[in-house]
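Worksheet: one structure, shown below.
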Amino acid sequence: MDLRLQAPQLAVDEATTLAPAEHAGRSVGRTGAERACRGHPLASADVQNALGAVQSLLVLGGSSDIGAAIAERLVPDGCRTIVLAGRRPEAMDEVARRLRAAGAAVAAVHWDAVDVGAHADAVKAAWDAAAADIDCVVLASGVLGEQSHLEDDPASAAELAVANYAGPVSTLLHVARRLGEQGHGTIVVLSSAAGERARRSNFVYGSSKAGLDAFAQGLADSLVGAGVRVVVVRPGFVRSSMTEGRDAAPLATTPAAVAETVAGAIASGKETVWVPGALRYVMAALRHLPRAAWRRVAANM
Ligand SMILES: NC(=O)c1ccc[n+]([C@@H]2O[C@H](COP(=O)([O-])OP(=O)(O)OC[C@H]3O[C@@H](n4cnc5c(N)ncnc54)[C@H](OP(=O)(O)O)[C@@H]3O)[C@@H](O)[C@H]2O)c1
């Protein structure tokens, strides 16, 4: 199925079936379909409800366990329009089913992080599918890879770097432009504790996350005054599809815990969060270890 063709229709169909959201005394106003049909661009004041909660969300990496957990966490707080963007429609279907059951209108669009030439159209398709402003964009895509395979096959290592770094750079620049035009929005970037200091066991992945993390911080600085902010999220080991079959690291956590922290950061205005929070202090100490000592410590992480 070509989701690029399906997405706008999907969004209208789903939004049309959406009951007016009245959750915990919050109102989302007209549905996306009503706005689209009437041809009214959504004024930014309509988007954020009185408590500033996210009402419309784009998840880049729509089948990600952490991305799905964030979306599921935001629905009860009033998030009613969700666009999932990814390369595998069948994997996003299951996430969409759960979100619809929770009460959200959900659309899916095709987005491949490594297909840089298609990012402008993919971001446009996401906004068209939402038929409204998008309050929050979560970059939840990523590939961990097998370090030994990546070292044996440099082309695979380069592709991972594009998927985790260069592709998100391109996509988030398009996203930032759209949010800047709206004059409001939050970008949540799933970085990683692995980017804080390169480790022998996963330095291809870790270096791609270090690049993404630095980019996200600079993007945040570039958006000061534009009404758009960036939240950098640095989880440690999360029990998800990405880490399935691997031994859990110390301070291992869950997608639900990451989602809770992200929801808190969106609400409170925090710019950088670690999951679990204690990891901030652990990594602050570890990053200053002499390299030889770090090698010994990292070998056991
Ligand atoms: N799990 C951890 O321990 C951990 C720790 C720190 C940070 N993180 C970061 O958190 C984010 C979410 O990870 P997760 O644990 O939820 O893993 P996950 O369930 O494996 O999700 C990864 C997502 O990335 C998508 N993806 C991979 N390559 C893509 C591409 N070229 N184009 C579009 N989408 C692509 C996957 O889509 P497909 O379905 O198409 O494969 C999948 O939706 C990632 O950025 C990850 O690096 C994870």
Accessible area of segment 159-216 belonging to carbon and sulfur atoms, whole % at 1.4 Å probe
56 percent
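Tell me, what % of the accessible area of segment 96-141 is carbon and sulfur with a 1.4 angstrom probe? The partial results should precede the final answer.
Numbers: 740 of 1430 Å².
Answer for segment 96-141 is 52 percent, counting heavy atoms of protein chains only.
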With the dipole of segment 47-200 defined by +1 on each Lys or Arg Cβ and -1 on each Asp or Glu Cβ, the option from Ala166, His149, Leu179 whose Cα lies farthest towards the positive pole is Leu179
Between the modelled labels at Lys270 and Arg97 (7 Å from Cα along Cα→Cβ) the distance in nm is 3.4 nm
Beyond 15 Å, what percent of the Cα pairs of segment 207-291 remain?
66 percent
Using only the alpha-carbon atoms of segment 80-221, report the extent along each of the three principal axes, biggest first, to the nearest angstrom.
44, 36, 28
Run the dipole for segment 211-301 about the Cα centre, Lys and Arg Cβ at +1, Asp and Glu Cβ at -1, nothing else charged, and hand back the magnitude in debye, nearest 20.
360 debye
Between Leu173 and Ala284, take the C-beta separation as r, use R0 = 22 Å, and let me know the FRET efficiency to the nearest 0.05.
0.15
Accessible area (Å², per residue) of segment 44-196, counting only protein heavy atoms and a probe of 1.4 Å
35 Å²
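Using square roots of five times the C-alpha gyration tensor eigenvalues, list the equivalent-ellipsoid semi-axes of segment 127-179 in whole Å, biggest first.
31, 10, 7
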Cα-centred dipole magnitude for segment 138-255, charges only on beta-carbon of K, R (+1) and D, E (-1), debye, nearest 20:
420 debye
If each of Val297 and Asp247 carries a label point 7 Å out from its Cα toward its Cβ, how far apart are those two points in nm?
1.9 nm
Charges only on Cβ, +1 for Lys and Arg, -1 for Asp and Glu: so what's the dipole of segment 49-140 about the Cα centre, in debye to the nearest 20?
200 debye
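The values are calculated or read from the model by the stated rules, or taken from the named source; none is laboratory data. Because the structure is predicted, anything quoted here is derived from the model rather than measured. Cβ atoms come from the backbone with ideal geometry, glycine included; neighbour counts cover every protein chain shown. Accessible surface is based on the protein model in full, side chains and every heavy atom, while ligands, DNA and RNA are left aside. Shrake-Rupley method; radii C 1.70, N 1.55, O 1.52, S 1.80 Å.
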